[in-house]
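Peer 1: Attaching a single structure in structure tokens format; questions to follow.
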Amino acid sequence: MKPDISALGNWLMSWLQEDGAIHGFHNHSVWGSNPYRWADFTSGHSTWASPMMAALSRIAAEQGDSELKDQVLQMIRFQTSRFQEDGQYKHIGFQVGEMLNQGLIHNMMPNVALGLTAIHGSSWLPAEALTSIRTAILRNMNACDAIYPFKKTRNISNQEYCRLWGKLLFQSAFPDSPWSGDIQNDLNFMIEHFHVSGIPDQDCEATYRYLGDSTIVEPAEYYGLMIAPLVLAYEMFGDPKYLNHAGALCRHVARCAWNDHRGQKRLHRMWLRSGTEWRKMNGPMLIAGMGMTLYGIARYVEHQQEEELTLFLKECDETYAHYQTPRGYFASATGWHNEADIAPSSAWHAHDFYYLLHRHGLVEHMADQLRKPYHGMSVLLGEQCMWVEDGEHWAINDYYWQDVHKLIGRKDEAVFGRDTGWVGGERALPSHFLFPNQPIFVKTDEGIYLKADRTAAQEIEVSSITAVPYLGLWE
């Protein structure tokens, strides 16, 4: 069993704007925060969503769809022209929102995505687009190499590997890489100073999160950023040590995985050192967002078939399918018991979409499926709140007679806010934000009910990840 990849892509396309921006409620379901928690209230573009551009570039190449090609070109124009004065990209705040304008990883992810976009689109991208990609990566990489020097205290493993992945992809896509003489030395430095064996056994390697800090290793969702560049380095340079280390990282992820209360395979959260031993934490942990780690493992097994890793990928695909809603998005996480569990982030889902396309390939007429209009209201029930969307409207709402979230937004707007309808005042959102037809759900000790008539209920698709069952109409 695997998820409906076309439905996922269709949902992601609903967040794509005419100018190439990818909007979203940028919920970080590993850290549990989002722009609402940071009081930032922005839902515009996030560079963490940029793998969507690479995925669409591949679909456009394989299916030759002219409309999709135009959308990819617009996405390229957007990403390659949004710079801060110091050479960093704009919109790098992700879960913190637009109030954050610094950080290595959210600069590096669009460089990786642009490199993959160029490689997937090499058969059809015009020279102008390829030049824009090349120029943007060079500008940003040079700026970030100066702002965030390599081999400095508190360097972060996944971020440094992502920087090297971007440089490797640049070298693959363009003939004039300025970093070709340094990449292998830098990879060797990463292996020597960040990799640690023995977690959970001697066939496995984790990576310390911080340079010089041996008390914590990287959370599982970031391992694709280490595995993928090592596999690519093996392909480019032919040194088997890169593949061997990639395999050890893959086994760390697979052997640390756990089955949740629904019997689904899940990535673990992280390991922490306690005295002389390492202790694992399983949750709270994401579901949507496993994609780049699974992509790295899938790339490894292309070269080295290992039954346990192949089975692990299959089980994670089943997890996606189990937690996918009819609208196409996944439950974000479990264990937070707030909006971090149910609010779907287009940024994380873009990583899942890219991986699932890589693993399973395209379905017939996929480009058409991505554009197919979707009618109906989607609801995902969580323990203390719910996600609701209908057309351009979205909301994070509360159960009947609870008043904690009451967030409303639009997919075509770069801001959102609290519904202050009965309060009014200068903070009230414009009238086109209002989402008056949201369904009302009552949560009782025995289950959850919908307060609606039967006709209205038939138009609502209800999914749930709650401990108590959804029991239908309140009658």
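The values are calculated or read from the model by the stated rules, or taken from the named source; none is laboratory data. Please read these numbers as outputs of a predicted model, since none were measured by experiment. Cβ coordinates were reconstructed from backbone atoms using ideal geometry, including for glycine residues, and neighbour counts include every protein chain displayed. Surface accessibility is based on the protein's heavy atoms, side chains included, excluding ligands, DNA and RNA. Shrake-Rupley method; radii C 1.70, N 1.55, O 1.52, S 1.80 Å.
Peer 1: If every alpha-carbon in the range 322-376 counts as one equal scatterer, what log10 I(q)/I(0) does Debye give at q = 0.14, 0.26, 0.27 1/Å?
Peer 2: -0.48, -1.21, -1.23
Peer 1: Excluding the sites themselves, what is the longest stretch of the chain that contains no trypsin sites (Lys or Arg not before Pro) in a DSSP loop with at most 13 other C-beta atoms within 10 Å?
Peer 2: Answer from the scan: 263-426.
Peer 1: Just add up the charged neighbours of residue 194: K/R +1, D/E -1, any other residue whose Cβ is under 14 Å from the Cβ of residue 194.
Peer 2: Spelling it out: positives minus negatives among the neighbours equals -1.
Peer 1: Rounded to whole Hz and in sequence order, give me ³J(HN,Hα) for the range 379-390 from the Karplus expression 6.51 cos²θ - 1.76 cosθ + 1.60, θ = phi - 60°, writing x for Gly and Pro.
Peer 2: Result, rounded to whole Hz: 10, 10, 8, x, 5, 10, 7, 9, 9, 9, 9, 8.
Peer 1: Please name which of 293, 393, 181 has its Cα lying farthest along the dipole of the chain towards the positive end, using unit charges on Cβ (Lys, Arg +1; Asp, Glu -1) and the Cα centre as origin.
Peer 2: 181
Peer 1: As a check on your grasp of the helix formula, calculate [θ] at 222 nm for the chain: sum -39500 (n - 2.57) over DSSP H runs of n ≥ 4, divide by the residue count, round to the nearest 500.
Peer 2: Only helices count here, giving -12500 deg cm²/dmol.
Peer 1: By its C-alpha gyration tensor, with a ≥ b ≥ c as the square roots of the eigenvalues, how is the range 53-160 shaped: rounded for a/c under 1.5, else prolate for a/b larger than b/c, else oblate?
Peer 2: It is prolate, given that a/c is not under 1.5 and a/b is the larger ratio.
Peer 1: Using only Cα atoms, locate the centre of the range 400-461 and the centre of the range 316-385, then give the distance between them in Å, rounded to an integer.
Peer 2: 21
Peer 1: Could you list which residues have their amide H under 5 Å from that of residue 155, counting only those 5 or more apart in sequence or on another chain, with H placed in the peptide plane?
Peer 2: Distant-sequence amide H within range of residue 155: 211.
Peer 1: Long-range amide H contacts for residue 217: which residues qualify at under 5 Å (H placed 1.01 Å from N, peptide plane, sequence gap of 5 or more or a different chain)?
Peer 2: 209, 271
Peer 1: Please compute the volume of the convex hull spanned by the alpha-carbon atoms of the range 291-397 and report it per residue in Å³.
Peer 2: Measuring per residue, one finds 113 Å³ for the Cα hull of the range 291-397.
Peer 1: If we count every other residue with Cβ under 13 angstrom of residue 231's Cβ, Lys/Arg +1 and Asp/Glu -1, where does the sum land?
Peer 2: Surrounding charge for residue 231 is -1.
Peer 1: A further question follows. Could you point to the residue in 68, 34, 78 farthest towards the positive end of the range 1-97's charge dipole, with +1 and -1 charges on the Cβ of Lys/Arg and Asp/Glu respectively?
Peer 2: It is 34.
Peer 1: With θ set to phi - 60°, apply the Karplus curve 6.51 cos²θ - 1.76 cosθ + 1.60 along the range 331-339 and write out the HN-Hα couplings as whole Hz, x wherever there is a Gly or Pro.
Peer 2: Along the range 331-339, the couplings run 4, 6, 6, 9, x, 7, 6, 8, 5 Hz.
Peer 1: With unit charges on the beta carbons (Lys and Arg positive, Asp and Glu negative) and the dipole taken about the Cα centre of the chain, which residue among 424, 464, 231 sits farthest to the positive side?
Peer 2: The residue sitting most towards the positive pole is 231.
Peer 1: Another question, then. Karplus couplings for the range 268-284 from phi (6.51 cos²θ - 1.76 cosθ + 1.60, θ = phi - 60°), rounded to Hz, Gly and Pro as x?
Peer 2: 7, 7, 5, 10, 10, 7, 10, x, 9, 10, 9, 10, 9, 10, 8, x, x
Peer 1: While we're here: Scan around residue 84 for amide H atoms under 5 Å from its own, H built in the peptide plane at 1.01 Å from N, and keep only partners 5 or more places away or cross-chain.
Peer 2: 89, 90
Peer 1: Also: Rounded to the nearest 20 Debye, what is the dipole magnitude of the chain about its Cα centre when Lys and Arg each give +1 and Asp and Glu each give -1 at the C-beta?
Peer 2: So the magnitude is around 700 debye.
Peer 1: Under a 1.4 Å probe, what is the accessible area of the chain per residue, stated in Å²?
Peer 2: Roughly 39 Å² per residue, with all protein chains present.
Peer 1: Further question on the same structure: Counting other Cβ atoms within 10 Å, which GluC sites (Glu not before Pro) in the range 37-118 have at most 11 and lie in a DSSP loop?
Peer 2: Answer by residue number: 85.
Peer 1: Tell me, what is the percent relative contact order of the range 14-140, built from C-alpha pairs under 8 Å that lie six or more residues apart?
Peer 2: 30
Peer 1: Return the carbon/sulfur percentage of the accessible area of the range 298-409, one whole number, probe 1.4 Å, all protein chains in place.
Peer 2: Roughly 50 percent of what the probe reaches on the range 298-409 is carbon or sulfur.
Peer 1: Also, quick follow-up: What is the mean projected area of the alpha carbon convex hull for the range 195-351, to one decimal in square nanometres?
Peer 2: Reported value for the Cα convex hull: 10.0 nm².
Peer 1: Same structure, new question: Going by the alpha-carbon gyration tensor, a ≥ b ≥ c the square roots of its eigenvalues, is the chain rounded (a/c under 1.5) or, if a/c is not under 1.5, prolate (a/b greater than b/c) versus oblate?
Peer 2: prolate
Peer 1: Turning to a different aspect of this structure: Counting only other residues whose beta carbon sits under 14 Å from that of residue 472, what net charge do I get with K and R as +1, D and E as -1?
Peer 2: -1
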